[in-house]
Amino acid sequence: MKVTFTQPSQVLESVSLIIKSTDGVEVYNNKVKTSKTEGNEFVLEINKPNDLELWDEFNPKLYDVEVVTNTGKTSARFGYKYVSSKGGDLLLNDKRIFLRGNLECVIFPLTGHPPTKKEEWATLIKQAKDYGLNHLRFHSWCPPKTAFEAADEAGFYVQVELPHWSLKVGEDKKTTKFLKQEADKIIKDYGNHPSFIFMALGNELQGDISVLNDMVADLKPKDNRHLYATTAFSFQQPTGTRP
């Protein structure tokens with residue numbers, strides 16, 4: 001388990017790390033050594049505490065982690081899970097999962113924009129779960145933070161995508177630069193949410209597929225908590241090889 005945080009001045013060699021469930025039960029409290037990465041960013045790593053439960057649709061257990069340093073403290077909410085694939089199967093916490101999902105195409109005619117409050121997303125996700133769904137694919141867009149928060153609490157799986165639906169991938173350098181920056185921002189801002197399971201670089205993409213393969217190769221080491229896809233389907237062949 002890795003925790004990354006920033007502060008403006010040098011941190012002491014050890015900091016206090018406290019992990020509690022959302023109902024206040026403490027599962028970890030100890031001094032942990034840190035190391036500096038770059039700038040004012042520091043990182044620490046511990047083994048998964050024994051009492052830390054795994055997050056999934058049947059047990060959406062969330063925790064609050066707090067880091068106390070010589071200059072103050074910071075905290076974040078998280079759920080502990082790991083996603084992988086094996087022989088064509090999708091695995092969550094080493095157990096095969098079956099996605100029962102639908103598209104979310106950012107169609108909100110009554111407001112002209114997607115919900116911005118967690119309660120609104122909780123209502124939408126509850127409607128999906130009432131139909132037996134456990135997954136939403138956000139077609140060619142990424143929802144706001146409140147959507148992830150609601151999905152975390154509900155045990156709901158999310159696929160996000162870059163705002164990218166093109167037959168000319170790689171031809172416009174400024175577009176490629178924007179997409180790379182947007183992908184980095186998505187995993188930085190939302191990567192900590194356990195509901196964030198999958199990420200695709202767009203929909204039905206065609207063009208220079210090597211650009212997409214390079215982007216996936218760049219994203220994986222930055223945040224390996226998700227499964228990545230170059231595109232959500234494509235009419236161009238061959239694009240079926242695993243990146």
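Restricting attention to the stretch 204-212, does a residue exist that is part of a helix (DSSP H, G or I) and within 30 Å of residue 3 (Cα to Cα)?
For the stretch 204-212, residues part of a helix (DSSP H, G or I) and within 30 Å of residue 3 (Cα to Cα): present.
Here are some residues: 147, 154, 128. Which one is without any contact (Cβ under 8 Å) to a residue 60 or more places away in the chain, surrounded by 12 or more Cβ atoms within 10 Å (Cβ to Cβ), small (Gly, Ala, Ser) and farther than 26 Å from residue 205 by Cα?
Being without any contact (Cβ under 8 Å) to a residue 60 or more places away in the chain, surrounded by 12 or more Cβ atoms within 10 Å (Cβ to Cβ), small (Gly, Ala, Ser) and farther than 26 Å from residue 205 by Cα holds for just one of 147, 154, 128, which is 128.
Within the stretch 6-50, count every residue that is open to solvent by 50 Å² or more (accessible area, probe 1.4 Å) and hydrophobic (A, V, I, L, M, F, W, C).
The number of residues fulfilling the criteria is 2.
Please determine whether any residue of the stretch 133-155 is among the hydroxyl-bearing types (Ser, Thr, Tyr) and farther than 22 Å from residue 113 by Cα.
No: the stretch 133-155 contains no residue that is among the hydroxyl-bearing types (Ser, Thr, Tyr) and farther than 22 Å from residue 113 by Cα.
Collect the residues in the stretch 51-84 that are open to solvent by less than 30 Å² (accessible area, probe 1.4 Å) and basic (Lys, Arg), keeping them in residue-number order.
If the condition is that a residue be open to solvent by less than 30 Å² (accessible area, probe 1.4 Å) and basic (Lys, Arg), then 81 is the only one that fits.
Got a number for residues in the stretch 183-217 being touching a Leu at 6+ places or on another chain (Cβ under 6 Å) and either under 21 Å from residue 101 (Cα atoms) or of a type in the set (Asp, Glu) (or both)?
Within the stretch 183-217, residues that are touching a Leu at 6+ places or on another chain (Cβ under 6 Å) and either under 21 Å from residue 101 (Cα atoms) or of a type in the set (Asp, Glu) (or both) number 3.
When you look at residue 65, is it in contact with a Leu (Cβ under 8 Å, 6 or more places away or on another chain), within 19 Å of residue 194 (Cα to Cα) and free of Cβ contacts under 8 Å to residues at least 40 places away in the same chain, yes or no?
It is false that residue 65 is in contact with a Leu (Cβ under 8 Å, 6 or more places away or on another chain), within 19 Å of residue 194 (Cα to Cα) and free of Cβ contacts under 8 Å to residues at least 40 places away in the same chain.
Tally the residues that are outside any helix (DSSP H, G or I) and closer than 18 Å to residue 135 by Cα, restricting the search to the stretch 166-191. Before the answer, list the steps.
If we filter the stretch 166-191 for residues that are outside any helix (DSSP H, G or I), which is where we start, we get 166-172, 191.
Adding the requirement that they be closer than 18 Å to residue 135 by Cα leaves 191.
Residues that pass the stated criteria total 1.
Test residue 17 against the criterion of being part of a strand (DSSP E or B) and either under 30 Å from residue 135 (Cβ atoms) or at pLDDT 95 or above (or both), and give yes or no.
The answer is yes for residue 17.
For the stretch 188-241, which positions are surrounded by 14 or more Cβ atoms within 10 Å (Cβ to Cβ), acidic (Asp, Glu) and under 21 Å from residue 55 (Cα atoms)?
Passing the criteria: only 223.
Name every residue in the stretch 164-179 that is open to solvent by 100 Å² or more (accessible area, probe 1.4 Å) and free of Cβ contacts under 8 Å to residues at least 40 places away in the same chain, in order of residue number.
168, 171, 173, 174, 177
Does residue 161 meet the test of being open to solvent by less than 10 Å² (accessible area, probe 1.4 Å) and touching a residue at least 60 places away in the same chain (Cβ under 8 Å)?
Taking the combined requirement at face value, the residue satisfies it.
The values are calculated or read from the model by the stated rules, or taken from the named source; none is laboratory data. Owing to the predicted nature of the structure, the values given are computational and were not obtained by experimental measurement. Using ideal geometry, Cβ is built from the backbone for each residue, glycine included, and neighbour counts are taken over all protein chains shown. In case anyone asks, the SASA skips ligands and DNA or RNA and just uses the protein heavy atoms, side chains included. Shrake-Rupley method; radii C 1.70, N 1.55, O 1.52, S 1.80 Å.
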